[in-house]
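See structure below.
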Amino acid sequence: MSEALAERQDETVREEISQLLAERRAIGAEERDIPLGWWYHAKKKFPLFPGLTRATGSAFLNEHYRHIEESQGPLRKLVNILTFSGFHAWLGLRTKQVAKRYKMPDGWATQAKAIARKRFVDPNDLALFRIEKPEEMDLFLRRFEHSDLNRRFNPANWTRDCLLANKIDFYLFCLDRGLSTPMLHGYFSDGRATPVSLPDADGVIVKPNDGEGGDGVELAEVPQEARGDLEVFARWIEQHCEGRKGEWIVQERLIASPELDGLALSALPTMRVTTMLNEHGKPEIVTSVLRFPSDPDTRVDNIKSGGLMAPIDPQTGVLGRGCRGRGVGEFDKHPVTDAQITGRSLESWDMTRELVLSAHDKHFRQYALVGWDIAPTTKGPMIVEGNGKPCMIVAQRANGKGLGETRYGELIAWHLAERRAGRDPLAVAAN
C-alpha cells in the first residue's frame, strides 16, 4: 500500500471516529443504556457510615465525618443501627473465612475481630494491609468509604454521560483527540456491528463495554478475508458476538514492551496511574503501580486473577517490592520466571507520566480524579482505560501505606473541605 493511500484511509477513519463520537454523545442522558440499577441509587442515597453514632473512619477524614454526623436525621441513624448490627453479626464468619484464606497464625482471628468491631473494618482489609492495632486504621481508607467520598468531590463521574463509564465513548474520544490509545476496530450493539477501522493483524481483543476487572475479555482471531473489507469485517463481528447482550468492543491487540520481559508472561501488564487536580487546578500523580500476572495461563493482569503488583516511584519510574493484590506474599523476583522486580527501572515511565498529566489537564478537566490504566507496549505507552473510581486496594496495598499518610489523602481532604465551604475546586482548573 502506498503512503498516499494509507494517509487517505487514515483520514477516512479519523472522520468516521469524529462522526460516531458526535452521534453517541448527542444521545440524551436518560436514553443511555447504562445499567445503573437500584443498587447504584441505594449506595448514592444511603452510603455506609463507618460507625453507629460517631464515625470510626480514617483520621484524615475527621472533619468530613463530623459534618456528616451533624447532618444525619432519624432515618439515616436508623439505617446506621441496622447496618452496624448486620456488620457485627457477619464478623464472626467473615473473620474465620479470611483467616483460612490467608493461612493466618493462631490467635489472628480473635485479634482481627476485636479491631474490626472497634473500627468498622472488613477483616480482609486487616489481613491485606497488615493491621495489628486499631489506631493503624487512622491512616487507611476502607473500600466502602471511597464511593461516597468520590461522589462528593468528583460529581462528574456520577453522571449518565460520564466518559469514564462508557468504554466505547472513551476510546472514540481519546482517538478523536489524538491520545495514545488502542485502535477501536468496531463495536457490537443490539445485534448490529459498527465497523470503524480494519485490523492489521489477525488477533483482536473483544470485551464488554461495561466490563470490570478483565471479565469477559478475549483474544479473537480475524480471518484474512475480513481484514480487507469493512462490510465483511462487520459480518464477522456480528457472527462472533451473536447472542451477546449489551455492547461489545473490538479493539487492537497490544503487545507488551520488551522492558517487561519476565513479568508480562501471556498477559499485557498495565500501570495504574492516578492523577488528581491539586489546589492550583493542575493534575498531580498521587499513586502509581505496575500490575502484572503471576499465572502464565492467564491473559489479564488484574488482582482478581491472582495478579501481582509493585509500586512505581513517581519521580524515577523504579519498581518497589512486588506483592499479591489479594493474598499474602511479597517478592523481589517474579515467583515463576525469577525476573527482577525490586529496583527494576521502567524505560517508558517519563512518557507515561507526560501522557497522563497532559491528558487530564487538556481533555479531562471536569474530573477531579482519574485512574489511568496505561500499557507499556511496543508502540509506547497506551491509555487502555480511564477510571473514575479507582480501586483503593491497589493504591494502599502496593505501597504499604494508607492514603492518610500520602498526597492522595491530603488532596481528598482538601477537595471535600472546599465542597463543604460551598466552593467548587474544579472551577480553579477551568480558569
When residues of the stretch 398-412 are filtered for being surrounded by fewer than 20 Cβ atoms within 10 Å (Cβ to Cβ) and either in a helix (DSSP H, G or I) or modelled with pLDDT of 95 or more (or both), how many remain? 4
Boolean, Ile383 is within 18 Å of Cys162 (Cβ to Cβ) and modelled with pLDDT of 95 or more: yes
Here are some conditions: (1) modelled with pLDDT of 95 or more; (2) among the aliphatic types (A, V, I, L, M); (3) touching a strand residue (DSSP E or B) at 6+ places or on another chain (Cβ under 6 Å). Ala395 meets all but one. Which one does it not meet? (1)
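Would you check if Tyr40 is at pLDDT below 90 and not in a loop (DSSP other than H, G, I, E, B)?
Details: at pLDDT below 90: yes; not in a loop (DSSP other than H, G, I, E, B): yes.
Yes.
What do you reckon, is Thr56 at pLDDT below 95 and among the β-branched types (Val, Ile, Thr)?
yes
Are any of the residues in the stretch 152-175 in a helix (DSSP H, G or I), among the charged types (D, E, K, R) and under 30 Å from Gly51 (Cα atoms)? Even if it seems obvious, please write down each step before you answer.
If we filter the stretch 152-175 for residues that are in a helix (DSSP H, G or I), which is where we start, we get 152-153, 155-158, 163-165, 167-175.
Narrowing the set further to residues that are among the charged types (D, E, K, R) leaves 152, 167, 169.
Among the residues that remain, those that are also under 30 Å from Gly51 (Cα atoms) are: 152.
Yes, that holds for at least one residue.
For the condition touching a residue at least 12 places away in the same chain (Cβ under 8 Å), among the charged types (D, E, K, R), outside the structural domain of Ala375 (by the TED database) and touching a strand residue (DSSP E or B) at 6+ places or on another chain (Cβ under 6 Å), what is the one hit in Glu247, Glu242? Spell out how you get there, then give the answer.
Details: Glu242 fails: touching a strand residue (DSSP E or B) at 6+ places or on another chain (Cβ under 6 Å).
Every option except Glu247 fails the conditions.
Name the strands (runs of 3 or more DSSP E) wholly within the stretch 188-273 that hold at least 3 residues that are within 21 Å of the chain's Cα centre (by Cα) and surrounded by 21 or more Cβ atoms within 10 Å (Cβ to Cβ)? Spell out the reasoning first.
Values: elements: 192-195, 203-208, 218-221, 248-252.
Strands (runs of 3 or more DSSP E) meeting the threshold: 248-252.
Out of Gly380, Gly322, Gly343, which single residue is among the small types (Gly, Ala, Ser), outside the structural domain of Glu212 (by the TED database), buried (at least 16 other Cβ atoms within 10 Å of the Cβ) and in contact (Cβ under 8 Å) with a residue 12 or more places away in the chain? It would help to see each step written out before you state the result.
Numbers: Gly380 fails: buried (at least 16 other Cβ atoms within 10 Å of the Cβ); Gly343 fails: buried (at least 16 other Cβ atoms within 10 Å of the Cβ).
Exactly one of Gly380, Gly322, Gly343 is among the small types (Gly, Ala, Ser), outside the structural domain of Glu212 (by the TED database), buried (at least 16 other Cβ atoms within 10 Å of the Cβ) and in contact (Cβ under 8 Å) with a residue 12 or more places away in the chain, namely Gly322.
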For residues that are under 17 Å from Ala395 (Cα atoms) and acidic (Asp, Glu), scanning just the stretch 297-351, find the one that is modelled with the highest pLDDT. Asp313
Residues in the stretch 217-235 that are over 11 Å from Gly203 (Cα atoms) and in contact (Cβ under 8 Å) with a residue 40 or more places away in the chain total 4
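Residues to consider are Ala359, Ala375; find the one that is within 20 Å of Val318 (Cα to Cα) and either hydrophobic (A, V, I, L, M, F, W, C) or without any contact (Cβ under 8 Å) to a residue 40 or more places away in the chain (or both). Spell out how you get there, then give the answer.
Working: Ala359 fails: within 20 Å of Val318 (Cα to Cα).
It is Ala375.
Kindly provide the set of residues from the stretch 129-148 that are buried (at least 22 other Cβ atoms within 10 Å of the Cβ) and either over 21 Å from the mean Cα position of the chain (by Cα) or in a helix (DSSP H, G or I) (or both), ordered by number. I'd like the intermediate steps shown before the answer.
So in the stretch 129-148, the residues buried (at least 22 other Cβ atoms within 10 Å of the Cβ) come out as 131, 137, 140-141, 145.
Of everything in the stretch 129-148, those that are buried (at least 22 other Cβ atoms within 10 Å of the Cβ) and either over 21 Å from the mean Cα position of the chain (by Cα) or in a helix (DSSP H, G or I) (or both) turn out to be Ile131, Met137, Glu145.
How many residues are outside any helix (DSSP H, G or I) and surrounded by fewer than 12 Cβ atoms within 10 Å (Cβ to Cβ) if we restrict to the stretch 57-100? If you could, list the steps in order and put the result at the bottom.
Of the residues in the stretch 57-100, the ones outside any helix (DSSP H, G or I) are 57-58, 72-73.
Narrowing the set further to residues that are surrounded by fewer than 12 Cβ atoms within 10 Å (Cβ to Cβ) leaves 73.
Within the stretch 57-100, residues that are outside any helix (DSSP H, G or I) and surrounded by fewer than 12 Cβ atoms within 10 Å (Cβ to Cβ) number 1.
The values are calculated or read from the model by the stated rules, or taken from the named source; none is laboratory data. Keep in mind that what you see is a predicted model, and the values were worked out from it rather than measured. In this analysis, Cβ positions are derived from the backbone assuming ideal geometry, glycine residues included, and neighbour counts consider all displayed protein chains.
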